[in-house]
Amino acid sequence: MAYVISDACLSCGSCADGCPVSAISQGDTQYVIDSDACIECGSCAGTCPVSAISAE
């Protein structure tokens with residue numbers, strides 16, 4: 001199951017920097033994860049300073 005970013009996202013970009021497949025990009029109001037590109041490794045969740053990323 002792919003990871004998702006909640007509304008708690010601060011748009012700091014640390015998750016995008018930590019994604020090994022570049023599945024995370026800046027959306028209109030916060031960062032978003034492309035569920036088709038996500039390899040479900042969890043790297044992004046470990047880098048988020050506010051724990052805004054979780055498995056869907």
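The values are calculated or read from the model by the stated rules, or taken from the named source; none is laboratory data. The structure displayed is predicted, hence computed values, not measured ones. Cβ atoms come from the backbone with ideal geometry, glycine included; neighbour counts cover every protein chain shown. Accessible surface is based on the protein model in full, side chains and every heavy atom, while ligands, DNA and RNA are left aside. Shrake-Rupley method; radii C 1.70, N 1.55, O 1.52, S 1.80 Å.
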Q) Rounded to the nearest whole Å², what accessible area per residue is found for the chain with the 1.4 Å probe? A) 60
Q. Counting only protein heavy atoms, what percent of the accessible surface of the chain is carbon or sulfur at a 1.4 Å probe?
A. 47
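Given the rule -39500 (n - 2.57) for each run of at least 4 DSSP H residues, summed and divided by the residues of the chain, what is its mean residue ellipticity at 222 nm, to the nearest 500 deg cm²/dmol? Display every interim value, and only then the final one.
On the way: 2 runs with 10 residues, N = 56.
Dividing the helical sum by the residues of the chain leaves -3500 deg cm²/dmol.
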Q: Just check the chain against the gyration tensor rule for me: Cα atoms, a ≥ b ≥ c as the square roots of the eigenvalues, rounded for a/c under 1.5, and otherwise prolate or oblate depending on whether a/b exceeds b/c.
A: rounded
Q | Any cysteine of the chain lacking a neighbouring Cys Cβ under 4.7 Å - listed by number | A | Cys9, Cys12, Cys19, Cys38, Cys41, Cys48
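For the full complex of protein chains and a 1.4 angstrom probe, list Asp34, Asp7 by accessible area with the highest value first.
Values: Asp34 75, Asp7 140 Å².
Descending order: Asp7, Asp34.
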Q.
Over the chain, what is the relative contact order in percent, taking alpha-carbon pairs closer than 8 angstrom and at least six residues apart?
A. 50
